[in-house]
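Novice: Have a look at the structure that comes next, please.
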Amino acid sequence: MSRTSHIRRVLEQPTFNKVTQCRILLVGAGGIGCELLKNLVLSGFRHIELIARDSALKFNPDVEIIAHHANIKDAQFNVEWFQRFDIVMNALDNLEARRHVNFMCLAANIPLIESGTEGYLGQVTVIKKDLTECYDCQSKPTRKTYAVCTIRSTPSSPIHCIVWAKNYLFNQLFGEPEDEPLDNEMNNDNAEEIQILKRETELLKEIKLTMGSQEYAEKVFKKVFTDDIERLLTMEDVWKKRRPPVPLTYNDINKLSSNGKNGRDYNNDMNTLKDQRIWTLEENFNVFVDSINRLSRRLLEEQKVNPEAVLAFDKDDDDVLDFVTATANLRAKIFGIEQKSRFQVKAMAGNIIPAIATTNATIAGIIVVQAFNILRNRLEDCKTTYLDGSRRPCLLINESLNGPNPSCSQCRVNYYILRINTKKATLKDFLEKILNSNHEQGLAYGNEVTVEKGASIIYDMDFDEKLDSTFEQLDITNGVFIKVTPDDDSNQFPAVFNIFHRETFDSQDSWYTIEGSISETHVSHIKTNSQNTVTESIPTHKRKIETTDMELDEQPSTSYKKMELDPEYIVVEDDIIMTEDGPKSVITLD
Amino acid sequence: MDKTQKYDRQLRLWQASGQTALESSKVCLVNGTATGCETLKNLILPGMVLAEKQSIFVDNNNKINIIKSNLYLGIGSFTILDGKTVEASDIGNNFFLDAESIDAPRAERVAILLQELNDDVKVITTDLHEKPLLKLSEILWNAKIPLIVVRTVGFVGYIRVVLPEHTGNVYFNTNVVETHPENISDLRLDTPFPALLEYAKTFDFEKIDSLEHNHIPFVVILLKYLEQWRNEHGNKLPSTSAEKNAFKQAIISGKRVPDEENFDEALAGAWKACSVTKIPSEVERIYNDAACSNISFESSSFWIIARAIHDFVENEGHGLLPLAGSLPDMKADTQSYVALQTIYRQKAKEDIASVRAHVHKILSSIGRPIDFISNQEIESFCKHAAFIKVIRYRSLQEEYITSPKKSEIARWIRDPNDNIVHYLLIRAIDQFYERYQRYPDAATLDEEDGGNESEFINFKSIVTRLFNDYGIKEIPSHVDDFIHETCRAGGSEIPNIASLLGGLVSQEVIKIVTRQYIPIDNTTIFEGIKSTSTTYSL
């Protein structure tokens, strides 16, 4: 019997053929991703691409596994690229990347299998444009944010101190300092406070120049735990209704802690107990001093190689976690707030979701079941499956897939790919010849539309200055999305155009092509099916195509890297919701 | 990598006590099939290594013949019992086998490869001869060793948890202590104990300044207003919704400024404060169980502690369980929060001490040494005294022979969407194997017409006989498709179903080992085409 005899026998040949031929995109190689990759290979899938930060694997040599060590949000993974796949599978750990892949799959009209786990709980669902609910059809809880003044001046709970240690002080000293959103929050009541906070940050920058010196930790300590607190105390109004903070004094604690110079000792008993109990003031002090020295050494070392180097918060980095724990606890002490153990701080600072192998294995199995259903063209057999291993008498609970939410801004949208010469085509051309209802093969959107690129409006009825600008002048270049929203009275869905620059077209009088996946309730406007291609002739002399030497393809070349053998790839999984986001947000963890 | 870091994510789920339980348990896998190995992998990854206890996995692709002594081999490690050698088809569906493994005794290869996953694990392989599952389960049942039976046939998976009613071994009873209730806060606001009342009285709501006023813990606020209410209402708690609203109004009127968070917390807790603390009736039944009344030398630690708590409730507890002693987060200054926390913890400690005294009295009355039950176990039990659960399983003997649930099964089978059909078909496959020493093979891939008809007829006759045994005279028409499907799948295990079942089964093992959450009672069938699962008590 051959390797795949079991699966061929159970699936039967026609479905098994589809399995061997279809192209799978797997996004994420954490707990679920690694299990899933293994299941896919064993189930006979032969064309798999994986996007993950890093992972090294070798499987059956007959299987083509292409690993992209990259962020799914990189420009190279555009709609065209997504369209190369038959099924996309998400094995992600954060909302932002999930939303991104959801959007790309809607735009590319590719089925997406979405999944997630938390402890004993898990969930798998299937998303297909126009047929099911998409990831954004139901609003997701947003991350809690805190007012700057709460974090910087008037903390009242442990999380405030942890956020201060992690987002403010750590970044000021070792990382990329956040742009202070202080001005945005300024009002009459807190103007004085904001001024003080700004000065605090400036002074800290001066101290930072002495990094690496013997007194560095002491200077930082005096600055943030003594001087800044004393300055805060001068704002008497603030403390009328609150318990005023009590500054700490470096020398006093230093005397108390006889082990001040051997701060590293505690690391030798870094067992569960040490991690899970609340440290004393002296312990916090020692860890604070020691971790600052460790982090300074590391940063200076890195800066020798790259002067721009910074350290990033990583909850699994012992030095960083020590620093955040000790710093948050010292601040908590000052403000009379409950202190937390290192174990607790890790969870609070890292937004850790408990993860276990068992749940991930089950979910990875269900994902493949759903993939088989998709390949058999039996979307009606796909279900949202919930695993609840803890409480319910049934382990798995199914729900039929819901239809799209009629007011969803992500999936109740027509997605088009528009190939056009962005150097020549103007906004007016786009509006009149492509969107305009009067034209024979226009998209029938009429004139009363709003055109947006990202958050900025390019055109609406009251703003038509840009009509004669070319796409390029409007910064609408290769890969950019623009959104067209019809006015309120229209029963049409908004349209999203993914723009690709193209210089030449097959026929002499063509000047653009459009491909689209059109939401079903909108098809009455256009007599095409969901995968339509419309090629248009050039209507006016102005649009005559001129061939130039311009590069046609501005796509960065995709770097492929074959995986290499590493049998230890399975580590205790790490499903985390990332908080240290920003534009560089990483999609997976190893 | 130290253990705290390595196991960080799971420690957050089952705590150090769960991790200790896992690491000190031992697993024996009978047959290293794909599903078996997936299961073991899921147990090795979380660190299941050293052993004081042992459980058994059976994947009955082979018939099993285990002599009892095999179960005690390999202290501190996994045991895999398997007599088969590796075939090429095993490599396809079993991630833990590589091309070099072909023809090696399967158990040996599986052991070596599993060992690489976690250097804390040692694997022992044992040659194994085939004999029926029933015989094994009988041995295990008598030895009070938990058994989980797992099968995968094509798209169908089957899990049966077989645990004795209760056991003499503290680590192996069917009693789940830590069920992880969402909210174990037990504040005793309706029946405050003296230390709590005394502390509440130290707050003078009128005299303190506004900073102190908005830091009065909500527990104290509720106690004050409840006392006030009782004084005005003949010592009764607010009970009707009108009364509860009036009670809330009283709290609102106590605010000095509208945005006092601590008063808002008190309002949020007002409804709960008005309800009488009592023992949940299903928990009360456990404390009144015959196993609790008839404590003997054979009694497990669970029942001894349960009896001690029963005695506590009758005496010191004045009708209430020992206090859990935990306090939720609240708006308060550190000093009063810590003071309050200390008061609750102190009371919980006193209650535990009383229970411990009862435990020791019971132990000496049955001739057990005091250290038969650790203080830690008593503490953990007391903390979750309101959340214990007992499951009494049926044995496989009962299920198959002495009292099969014939009428239920005959009823369920009439529903075309019911998964019970797969239970019967998996049993039919076993019977087929027993007769022909192989699985049915109705379809070979070379045959265009999709199958070997005589094989199907042979299989169907076994199915018919089995259905007759369950009083099902006529096989419902919808069952025919499933018979075909099962016959075609034969003994095939497919990787994603193996992964899925491996996940589910290991989760059950972890629940049993850590005694957290509630294991299934007693059979789950998964059907991977519609991806439905059903749990039956068979």
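Novice: So if I check each of B:PRO519, B:PRO440, which one is in contact with a strand residue (DSSP E or B) (Cβ under 6 Å, 6 or more places away or on another chain), in a loop (DSSP other than H, G, I, E, B) and either modelled with pLDDT under 85 or within 14 Å of chain A (Cβ to nearest Cβ) (or both)?
Specialist: B:PRO519
Novice: From B:GLU182, B:GLU212, B:GLU206, which residue is surrounded by fewer than 22 Cβ atoms within 10 Å (Cβ to Cβ), at pLDDT 80 or above and either within 13 Å of chain A (Cβ to nearest Cβ) or under 30 Å from B:ILE529 (Cβ atoms) (or both)?
Specialist: B:GLU212
Novice: Restricting to the range A:1-30, and then to whatever is more than 8 Å from chain B (Cβ to nearest Cβ) and assigned to a helix (DSSP H, G or I), can you tell me which residue is farthest from A:LYS73 (Cα to Cα)?
Specialist: Top of the filtered list is A:PRO14.
Novice: Next question. Given the conditions (1) over 25 Å from B:TYR400 (Cα atoms); (2) at the interface with another protein chain (Cβ under 8 Å from one of its Cβ atoms); (3) in a helix (DSSP H, G or I), report the number of the one that B:LYS530 does not fulfil.
Specialist: So the condition that B:LYS530 fails would be (3).
Novice: Let me ask you something else. For the range B:312-348, which positions are under 25 Å from B:ASP209 (Cα atoms), touching a residue at least 40 places away in the same chain (Cβ under 8 Å) and of a type in the set (S, T, N, Q)?
Specialist: Once the filter is applied, which keeps residues that are under 25 Å from B:ASP209 (Cα atoms), touching a residue at least 40 places away in the same chain (Cβ under 8 Å) and of a type in the set (S, T, N, Q), the range B:312-348 yields only B:SER336.
Novice: While we're on this one: Within the range A:1-47, which residues are crowded, with 22+ Cβ neighbours inside 10 Å, touching a Ser or Thr at 6+ places or on another chain (Cβ under 6 Å) and not hydrophobic (A, V, I, L, M, F, W, C)?
Specialist: A:HIS6, A:ARG9, A:GLY28, A:GLY30, A:ASN39, A:GLY44
Novice: With respect to B:ALA200, is the statement that it is modelled with pLDDT of 75 or more, buried (at least 17 other Cβ atoms within 10 Å of the Cβ), small (Gly, Ala, Ser) and over 30 Å from B:ARG488 (Cβ atoms) true?
Specialist: Spelling it out, B:ALA200 is indeed modelled with pLDDT of 75 or more, buried (at least 17 other Cβ atoms within 10 Å of the Cβ), small (Gly, Ala, Ser) and over 30 Å from B:ARG488 (Cβ atoms).
Novice: Which residue pairs have Cβ atoms closer than 7 Å, lie 6 or more positions apart in sequence or on different chains, and pair a first residue in the range A:225-244 that is closer than 11 Å to A:ILE334 by Cβ with a second residue that is in a loop (DSSP other than H, G, I, E, B) and among the hydroxyl-bearing types (Ser, Thr, Tyr)?
Specialist: As it stands, the answer is A:THR226/A:THR249; A:LEU232/A:SER153, since those pairs meet every condition given.
Novice: What helices (runs of 4 or more DSSP H) lie completely within the range B:369-437 and have 2 or more residues being surrounded by fewer than 14 Cβ atoms within 10 Å (Cβ to Cβ) and over 27 Å from the mean Cα position of the chain (by Cα)?
Specialist: Correct list: B:406-412, B:420-436.
Novice: Please find, among B:ALA308, B:ALA339, B:ALA268, the residue that is under 30 Å from A:VAL246 (Cα atoms) and of a type in the set (A, V, I, L, M).
Specialist: B:ALA339
Novice: Return yes or no: is B:GLY254 in contact with a strand residue (DSSP E or B) (Cβ under 9 Å, 6 or more places away or on another chain), at pLDDT 90 or above and not assigned by TED's automatic domain parsing to the domain that holds B:LEU327?
Specialist: no
Novice: Do we find that B:SER299 is part of a helix (DSSP H, G or I), assigned by TED's automatic domain parsing to the domain that holds B:SER374 and either in contact with a strand residue (DSSP E or B) (Cβ under 9 Å, 6 or more places away or on another chain) or not aromatic (Phe, Trp, Tyr) (or both) in this structure?
Specialist: no
Novice: Residue under question is B:VAL505, and the condition is that it be in contact with a Leu (Cβ under 8 Å, 6 or more places away or on another chain) and either away from chain A (no Cβ under 12 Å) or assigned to a helix (DSSP H, G or I) (or both); does it hold?
Specialist: no
Novice: Please verify whether B:SER499 is polar (S, T, N, Q), touching an Asp or Glu at 6+ places or on another chain (Cβ under 6 Å) and not assigned by TED's automatic domain parsing to the domain that holds B:ARG307, treating the condition exactly as stated.
Specialist: yes
Novice: Scan the range A:353-390 for residues that are surrounded by fewer than 24 Cβ atoms within 10 Å (Cβ to Cβ), facing another protein chain (nearest Cβ under 7 Å) and outside any helix (DSSP H, G or I) and jot them down.
Specialist: Scanning the range A:353-390 gives A:PRO354, A:LYS383, A:SER390.
Novice: Identify all residues within the range A:105-164 that are more than 22 Å from the chain's Cα centre (by Cα), more than 26 Å from A:VAL324 (Cβ to Cβ) and away from chain B (no Cβ under 14 Å); write none if there are none.
Specialist: Correct list: A:ASP130, A:LEU131, A:THR132.
Novice: Considering only the range B:280-319, state which residues are among the hydroxyl-bearing types (Ser, Thr, Tyr) and surrounded by 19 or more Cβ atoms within 10 Å (Cβ to Cβ).
Specialist: B:TYR287, B:SER299, B:SER300, B:SER301 - these are the residues of the range B:280-319 that are among the hydroxyl-bearing types (Ser, Thr, Tyr) and surrounded by 19 or more Cβ atoms within 10 Å (Cβ to Cβ).
Novice: Among the residues in the range B:467-484, are any under 33 Å from the mean Cα position of the chain (by Cα) and within 12 Å of chain A (Cβ to nearest Cβ)?
Specialist: no
Novice: Just give me the residues in the range B:485-502 being crowded, with 23+ Cβ neighbours inside 10 Å and more than 8 Å from chain A (Cβ to nearest Cβ), in sequence order.
Specialist: Matches in the range B:485-502: B:THR486, B:CYS487.
The values are calculated or read from the model by the stated rules, or taken from the named source; none is laboratory data. Everything quoted here is computed from the prediction, not taken from an experiment. Every residue, glycine as well, gets a Cβ built from its backbone with ideal geometry; the counts of neighbours run over all protein chains shown.
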